[in-house]
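What follows is a single structure, written as structure tokens, with notes after it.
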């Protein structure tokens, strides 16, 4: 397991905050000091920032099945030393949290003041509460649902099929993953953002091409750029396993006793939707809150207003930071 | 050019209705008599139906660049007799309408009482008005925009990249097109429909598989079914050229004089949005109407309420039929 920590664990061993990353994130949410490379949640963790390192002990680990240091399908199989690839077993968000709990134990953390994450990270944060309600005081779930919707499964399935098609055609899966990422980027952003940002503008220097399928519009360059960027840092097999784990995610699969324990432990949940999110629409986050409330759990709904769609939890630092601070004091 | 007609052209040669098909449609919108295979708009054309063949002379042709009888990239190149494939020139919706006008001339039609279509068909119907306002009394544009949005271009680009990836990997493009279709099906339907229809239900007989990427959820089977169905009747190169023609579509590219002529000719436009459409959202259809009204053109907005998303113009026969009848009398 790859992980990073920020700040110090206090005497009571209860000032800890677990930060869960999203699909293609890693264990490095923020730089530790000047000169350090920025993280995927830069500006959220540090002295005087929403997750103030003078007060909180922050932990972030790469998820099980990932490709940034924690065991995943690109790791060597113990039998032959070759990568696991499709021999890797299917994993769930529940499995991710089970290994995270082992790490928390090893770090000596008694109880988390907050478990926070967005998207797949929100799923982990909610699963933390379900698995270990005695260990979790508060959860902040950003743009994550009660269960993956069939539409969310459908987007994932198309992305996976691109990777599997590439593998079938004797490729490495990398070209297919670029395509999966291009598709995912559309679902991470919004129609309105693309309209405002790209409109129908063409590229400054359109490629000379014998057919009309060379990149012509700025929005196409944007997608290709993100596709190419991901393949430099991500593994296609991890992409398959992690998206499948998201599909499997369904808090409704927990028995009622689980929720009774969460209620009894007094876990407080804040769930935030994003008004322009098309992947996990705000209406699904409201539904998550209703599901929790129905089970007697203290859950509140918040909304981030943004043009940026699903990715707003990464982009809207001010609004998201305000929610983190609010969640820490709920 | 492949085309079909229904009913008889009257004495005045002005009782004609042109029906424009969408991306993967063809020249067969409806059966001509019992026993005839059903068409893509079955129930809309016939005696006593919204496009009543006792009154109207209805024409539908396969679009330029298509693969159901009209010249397209699967046709033999005149020089070597091999398919045009990527040597086919880029085409636009304007080009499609230009060849349709030749057919209309050959059929002796003086003026169309109505030009109607949905999606790419709506683009053609609107383009008809722009190109030949003297030949078009009324337009009914169902779920088609003023211009393709960057998000619509983005969806198309991902689909095309799947086909191009397949071709690069020495495939026929067919596997890539199945993938493009799977993606497109998500944008043709709605989150709410998938929720109601599939939920998180699993397949009755899940495939045995060594990895968790075999079809497991009903929504996945649905997508695969539609992907496989399309490849039996459609050409991947046509898919490339026709989606690109949709990307190019921008009525704003016509000069102001064009719209002055449309206004002067008294063309009446009805544009219908679908409340659950995520491909060409209702807000974009309202914008189309505003664009036309701003130019002094008689345009009205209607809305189809449906769970089915973009495809509602094919599915909601009653609501769509009512709009056709209303448009014929506006």
Next item on the list: First measure r as the distance between the Cβ atoms of residue B:303 and residue A:11, then evaluate 1/(1 + (r/R0)^6) with R0 = 45 Å and state the FRET efficiency to the nearest 0.05.
Entry: 0.10
Item checked: Sequence-separation-based contact order of the range A:1-152, relative, with Cα cut under 8 Å and 6+ spacing, percent -> 26 percent
Notebook entry, point to check: Looking at chain A, what % of its DSSP beta bridges pair antiparallel, to the nearest 5?
Noted result: 20 percent
Next item on the list: Grab the beta carbon distance between residue A:293 and residue A:225, set R0 = 51 Å, and tell me the FRET efficiency rounded to 0.05.
Entry: 0.75
Note to self: With a cut-off of 8 Å between alpha carbons and a minimum separation of six or more residues, what is the relative contact order of chain B in percent?
What the structure shows: 19 percent
Next item on the list: Enumerate the residues in the range B:160-175 having an amide nitrogen under 13 Å from the point lying 7 Å beyond the Cα of residue A:170 toward its Cβ.
Entry: B:169-171
Check: Relative to the other copies, what are the label-point distances for residue B:201, with labels 7 Å from Cα along the C-beta vector, expressed in nm at one decimal and sorted shortest first?
Finding: 4.7
Checklist line | Shortest-first nm distances, residue A:322 label point to equivalent points in other copies (7 Å, Cα→Cβ) | finding: 4.3
Notebook entry, point to check: Separation between the residue A:204 and residue B:55 pseudo-spin-labels, each 7 Å from Cα along Cα→Cβ, expressed in nm?
Noted result: 5.8 nm
Checklist line | Inter-copy label distances at residue B:257 (7 Å, Cα→Cβ; nm, one decimal) | finding: 8.2
Next item on the list: Quick one: work out the % antiparallel among DSSP beta bridges in the protein assembly as shown, nearest 5.
Entry: 20 percent
Notebook entry, point to check: Looking at the axis that maps chain B onto chain A, which chain B residue has the closest Cβ, and how far off is it in Å, rounded to a whole number?
Noted result: B:169, 2
Note to self: Just to be sure I understand: of the beta bridges DSSP finds with both ends in the range A:1-121, what percent are antiparallel, rounded to 5?
What the structure shows: 30 percent
Notebook entry, point to check: What 222 nm value per residue comes from the helices of the protein assembly as shown, counting each DSSP H run with n ≥ 4 as -39,500 (n - 2.57) and dividing by all residues, nearest 500 deg cm²/dmol?
Noted result: -12500 deg cm²/dmol
Note to self: Starting from 0.36 nm per residue, how many nanometres of slack lie between residue B:253 and residue B:283 once their C-alpha separation is accounted for?
What the structure shows: 8.8 nm
Checklist line | Alpha-carbon centroids, the range A:230-285 and the range B:290-310: separation in whole Å | finding: 38 Å
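Since every read-out is calculated from the coordinates, none of them should be taken as a lab result. Keep in mind the model is a prediction, meaning the values are calculated, not measured. Please note: Cβ atoms are built from the backbone with ideal geometry, for glycine as well, and neighbour counts cover all protein chains shown.
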